[in-house]
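Heads up, the thing below is written out as C-alpha cells.
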Amino acid sequence: MSIENYRNVLKHVEEACRRAGRDPKEVTLIAVSKTKPVSMIEELLPEGVLDFGENRPQELKEKYEILPKELRWHMIGHLQRNKVKYVVGRSCLIHSVESLRLAEAIQEEAEKKQLVMPVLVEVNMAQEDTKYGLTAEETPEFISQISKFPNLQVNGLMTIAPFVENPEDNRIHFRNLYKLFIDIKGRNLDNVNMCNLSMGMTNDYEIAIEEGATMVRVGTGIFGERVYL
Ligand SMILES: *Cc1c(COP(=O)(O)O)cnc(C)c1O
C-alpha cells in the first residue's frame, strides 16, 4: 500500500532531519507519481499529501485536470520547449531548467498567461554525459542571465545524482551542490529567491537531507517499481 510506504518514507525524512539538526518542516517530500494511475495518487490524499512529481508534460496536464486543484505539481523531468505550454499555469515549480532557450520559452508562455513561473536550475554535478543540466561552473552566470526575465523566478537548484550501489557515493555531489546554492544565494541577485534545493531520490534522499536538501523526490519508495510500456 502506498499509504504505508509514504508514512515510512516520511519517518525516514524526519529521522534524517533529526540527525542533521534540521527542522522537518524545512523539507518537502515530493511523491513522484509519474507512470502511476490517478487512483494511486487519490489513495494518498487523505494523508494530506499535496506535492506530486511528474516528468511528462501531458501526463502532468491530465492529472492536474482530474485531481483537486489544491495539489502542487512539480515538473521534474526534461522539458522540451514545445511542451512548456502544458506545464506553465499547472505546475507550481519546474525543477529542470537547463538552457537559455528553455528559459526563454517559459518566459514567453508565462507572459502570455500573465503569471510568474518559479523554476529551479538543473545542475549535472557528476558531469554525466547521459544527463541534462549545467556544470557547476556555468550555473551562476546562467542564473544571472535568466534573472532578467520578468515572468520567471529562479527559486533554487536541482540535481539528479548518478545511479550508484552505495548512496554514500553521492554525498559529495549533494555537498557540492549545497555549497553552490549558498554561494549563489549570497550574491543576492534581483528577482532570484534561492529558497529550494531539490536533491535526493528513493536510494539517497536521507543523505541528500543530511547535506541540505529542502525537497526530495521519491517515486519507487512510495509507489513501488515503475513499469514502462
Ligand atoms: C523518476 C524520478 C525521480 C524518482 O525516482 P525514484 O528512484 O523512483 O525515487 C526523482 N527525480 C526525477 C528527476 C525523476 O525523473
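Overview of results
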quantity	calculated
Over 20 Å (Cα to Cα) - which of Lys83/Lys179; Lys85/Lys131; Lys131/Lys185; Lys36/Lys131; Lys36/Lys61; Lys34/Lys63 fall in this group	Lys83/Lys179; Lys85/Lys131; Lys131/Lys185; Lys36/Lys131
Residue-wise HN-Hα coupling along region 137-146, computed from phi with Karplus coefficients 6.51, -1.76, 1.60 (Hz; x: Gly, Pro)	5, 6, 4, x, 5, 4, 5, 4, 5, 7
Percent carbon-and-sulfur accessible area, the chain, ignoring ligands, DNA and RNA, probe 1.4 Å	48
1.4 Å probe accessible area per residue over the chain, in Å²	48
Sequence of Met117, Met40, Met201 from largest to smallest accessible area, 1.4 Å probe	Met201, Met40, Met117
Shape call, the chain: gyration tensor on alpha carbons, a/c limit 1.5	oblate
Chymotrypsin sites (Phe, Trp or Tyr not before Pro), loop per DSSP, at most 14 other Cβ atoms within 10 Å - longest free stretch of the chain	1-162
Probe 1.4 Å - accessible area at Leu93, Å² to nearest ten	10
Separation between Cα centres of region 98-162 and region 196-212, rounded to whole Å	20
Longest exposed-site-free window of the chain, the sites being GluC sites (Glu not before Pro) in a DSSP loop that have at most 13 other C-beta atoms within 10 Å	1-69
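The values are calculated or read from the model by the stated rules, or taken from the named source; none is laboratory data. Please read all numbers here as calculations on a predicted model, not as lab measurements. All Cβ positions, glycine included, derive from the backbone under ideal geometry; neighbour counts span all protein chains shown. Side chains included, ligands, DNA and RNA excluded: accessible areas come from the protein's heavy atoms. Shrake-Rupley method; radii C 1.70, N 1.55, O 1.52, S 1.80 Å.
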